[in-house]
1. Can you work out which of the residues in segment 371-393 that are at pLDDT 85 or above and part of a helix (DSSP H, G or I) is nearest to residue 280 (Cα to Cα)?
2. If we keep just the residues of segment 23-46 that are of a type in the set (Asp, Glu) and part of a helix (DSSP H, G or I), which is modelled with the lowest pLDDT?
3. Quick one: in segment 394-432, which of the residues that are of a type in the set (Asp, Glu) and in a helix (DSSP H, G or I) is surrounded by the fewest Cβ atoms within 10 Å (Cβ to Cβ)?
4. Determine whether segment 388-403 contains at least one residue that is farther than 30 Å from residue 40 by Cα and out of contact with any Phe, Trp or Tyr (no Cβ under 6 Å at 6 or more places or on another chain).
5. Cβ-Cβ distance below 9 Å, separation of 6 or more or different chains: which pairs start in segment 1-21 with a residue that is touching a residue at least 24 places away in the same chain (Cβ under 8 Å) and end on one that is loosely packed, with under 11 Cβ neighbours inside 10 Å?
6. What number of residues in segment 39-67 are surrounded by 13 or more Cβ atoms within 10 Å (Cβ to Cβ) and in contact with a Phe, Trp or Tyr (Cβ under 8 Å, 6 or more places away or on another chain)?
7. Only one of (1) without any contact (Cβ under 8 Å) to a residue 40 or more places away in the chain; (2) of a type in the set (A, V, I, L, M); (3) assigned to a helix (DSSP H, G or I) is not met by residue 53, so which one is it?
8. Looking at this structure, is residue 136 within 30 Å of the chain's Cα centre (by Cα) and surrounded by 12 or more Cβ atoms within 10 Å (Cβ to Cβ)?
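The values are calculated or read from the model by the stated rules, or taken from the named source; none is laboratory data. Because the structure is predicted, anything quoted here is derived from the model rather than measured. Virtual Cβ from ideal backbone geometry, glycine too; neighbours counted across all protein chains shown.
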Amino acid sequence: MSQSVEGFSKWTKEEKIRWIAKNYTQDPEQSIELIKSYWNADQDLQLLHDEFIENTISNYYLPLGIAPNFLIDGTYYSIPMAIEESSVVAAASKAAKYWSTRGGFKTEIIGTEKIGQVHFLYPGETDKLQSFFNSITAQLTADCKPLTKNMEARGGGLSSIELKDKTHDLQHYYQLHCTFETADAMGANFINSCLEQLAKSLEREAIRHEIDIEVVMSILSNYVPNCLVRAKVSCSVEELGTIAGIPPKAFAKKMVQAVSIAKASPFRAVTHNKGIMNGIDAVVIATGNDFRAIEAAAHAYASKEGHYSSLSHAEIKDDQFNFWIDIPMAVGTVGGLTKLHPLVKLSLEILQHPDAKQLMRIIAVAGLAQNFAAVKSLVTTGIQQGHMKMHLMNILNQLGATPKEKELLAKTFENETVSFSNVSKALINLRS
């Protein structure tokens, strides 16, 4: 029977595990054994993982795969991807190989600006508030100097502070809208520390000038429309080649039509963009970055025109097929887990120790490759053929197939439709 608990965070890991197993699982001893089976044999390494978050009881594994043959701006990369969904790594690799013989991927950093805000209420006249803000801007910046000094030495820092009138959205609501450059760090802690200092300074100056201001909160924004990267592939229509029996011109036209549908239909756009994020999130996780922040920013950006739409674009222009993506991307290669998690460090080493801008480029390319592979399948053979082939091993594992049975059934389903029902019947027939 489940129950409430006091002081859980102060218990030992063993105590937490036993309490959880006893109160929330049907077979406590089996659950304890399962939890402990995922511990690392290296006690120092396990302790490192335990201290990443609170109330740790075990490790939760995701497969770490490699997608090779990515030619990005003239350099070949093998991209680490941490993801549980079958066919993602295979699809990205296939798209990378395809475009490596057609000029590869080209990228461009459009901007690296990040945003944070101090949210406050002011019931008085806007002109008076603006005059007050103008008089204290220099002091606000000066108060942040102890926090920004080291970042400035690395080429970053607090770029601007702007007063924004948001009273048309909410009564008495204003913002200090601040922009930052954070060099190779994602910069969340740096930005939030600066914002909290700005909030304190604003309150202090408001009291001194007898301005009725109530600070509500100060926090960075994960929506970074000016921290933007573009990834693109392009070749002549004829260079696309015949794909699944479809001639180049017809294939190119189908690709453009498919992206146009994702632009027009939010129902299609969500799944279309989810496929893009399959590639992006996998690299973000492998490199120890915040995939929730990247997801939130991407979907907000997909709605920037007032309706939810495709993140990718396709066109045929002057007999040239162009396929590209513009996406906000706030990532870092220093700080956070980048110097702590051994596999994150390895992933960054495999990527040739990129700086933040180069990592932005690589991640955007992974998303574009994944999108190209998915749309290509949709307009030719259909998505299930490739996806279910990769899913075959998951089904066989679920059915308890032996290594020999897996080998035989993999051959059986080379030209057959993969479904749980069909695989189950085939396994029964094989065993009989």
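1. In this case the residue turns out to be 371.
2. 44
3. 407
4. yes
5. 9/54; 16/9
6. Final tally of qualifying residues: 3.
7. Residue 53 satisfies every listed condition except (3).
8. Considered against the rule, which asks whether it is within 30 Å of the chain's Cα centre (by Cα) and surrounded by 12 or more Cβ atoms within 10 Å (Cβ to Cβ), residue 136 comes out as no.
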